[in-house]
1. Among the residues of the range B:8-18, is any more than 16 Å from the chain's Cα centre (by Cα) and at pLDDT 95 or above?
2. Please identify the pairs in which a residue from the range A:15-42 that is under 14 Å from B:MET61 (Cβ atoms) has its Cβ atom under 8 Å from the Cβ atom of a residue that is of a type in the set (D, E, K, R) and loosely packed, with under 13 Cβ neighbours inside 10 Å, counting only partners at least 6 apart or on another chain.
3. I need a count of the residues in the range B:49-76 that are closer than 23 Å to A:TRP44 by Cα and surrounded by 11 or more Cβ atoms within 10 Å (Cβ to Cβ).
4. Filter the range B:176-217 for residues that are hydrophobic (A, V, I, L, M, F, W, C) and more than 24 Å from B:PRO93 (Cα to Cα); which is surrounded by the most Cβ atoms within 10 Å (Cβ to Cβ)?
5. Look through the range B:68-123, keep the residues that are among the β-branched types (Val, Ile, Thr) and part of a helix (DSSP H, G or I), and return whichever of them is farthest from B:SER182 (Cα to Cα).
6. Every residue in the range A:31-68 that is facing another protein chain (nearest Cβ under 8 Å) and of a type in the set (D, E, K, R), please.
7. Just one of (1) within 12 Å of chain A (Cβ to nearest Cβ); (2) charged (D, E, K, R); (3) over 25 Å from A:TYR56 (Cβ atoms) trips up B:ARG178, so point out which.
8. Just to be sure before I move on: is B:ARG134 in a helix (DSSP H, G or I) and basic (Lys, Arg) in the structure I sent?
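The values are calculated or read from the model by the stated rules, or taken from the named source; none is laboratory data. Just so we're clear, the structure is a prediction, and the values are computed from it rather than from any experiment. Every residue, glycine as well, gets a Cβ built from its backbone with ideal geometry; the counts of neighbours run over all protein chains shown.
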Amino acid sequence: MAEKSVQKIPKPQLRGLLASSLKFHLPAAIAVSAVTTVLFKIFWVDRRRARYAEFYKNYDAEKDFERMRKAGVFKSC
Amino acid sequence: MTTWSCMNLQDSASPIMEQLIFFHDHTMMIITMILAMVLYFMASTIINELVDRYMLEGQTMELMWTIVPAVILLFITTPSLRLLYLMDEIHNPIMTIKTIGHQWYWSYEYSDFVNVEFDSYMTPYEGDNKSMFRLLETDNHVTLPMHSFIRIIVTAADVLHSWTIPSLGIKADATPGRLNQSSFMINRPGLLYGQCSEICGANHSFMPIVIESVSTENFIEWIKKLSE
């Protein structure tokens, strides 16, 4: 019989597949989650707080009331 | 009031509602964080080629998915409880008004002043009048001074109702035979709208509430006129 050379492939990983998958995917999931949270905080949460702060910074309630009163909004005055 | 395409909470007219809106934003941020993580894991599960026919348990994973949500809930609970107790604080109200729910209108009593009581019925909608809001206008508005801490006592004369003003963050059930107390401070002038929020019969959708937030001087003038 002719001798044939046999090439052996490396033994595949048979155990701990979830752990080795998680080694990549868990930090990736945490990173995606963190980036989404930070973007939400900057573009939604902080923007709304800034809008409220801006509105009330120089807000003159009496002047606004006079404007509405002259426009006929109120029934009491 | 809510205008078209308004999916969020109404702009606040009181400091408590402002805090409620910020708390809502904080909770939405945490929900977005959880959603991003869950969507990532869903996607990775879909493209995953691993198979384990003999999987029985995963103690470590079960420990993590119990502890991590508990920690997340702590981040939600802490501001929530702070706000809950803040809402119950009462800072020397300058006046108390009573609200009584009827089928199907609200009546108001300003007992701190002499003889000030009135009913508030919904104004029927006139299609060609572009300056009125359908199902929200009333014949008599609840006039209140701005920048003043006000106590409101809510009850009902017949069936359950609920006195609600979204922009103040108030929803108080009107229960016959019971007095429910709430309090608020309005920090800007204008008209604040609300609707009955407890099913009370055929015209439950047709008994709105309108608060007129006016300056203290104008409120005093108005009260004087009504007291005469």
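1. No, every residue in the range B:8-18 fails to be more than 16 Å from the chain's Cα centre (by Cα) and at pLDDT 95 or above.
2. A:LEU17/B:ASP52; A:LEU18/B:ASP52
3. 4
4. Among those residues, the one meeting the criterion is B:CYS196.
5. B:VAL68
6. A:LYS41, A:ARG48, A:ARG49, A:GLU62, A:ASP64
7. Going through the list (1) within 12 Å of chain A (Cβ to nearest Cβ); (2) charged (D, E, K, R); (3) over 25 Å from A:TYR56 (Cβ atoms), B:ARG178 breaks only (1).
8. For B:ARG134, the condition - in a helix (DSSP H, G or I) and basic (Lys, Arg) - is not met.
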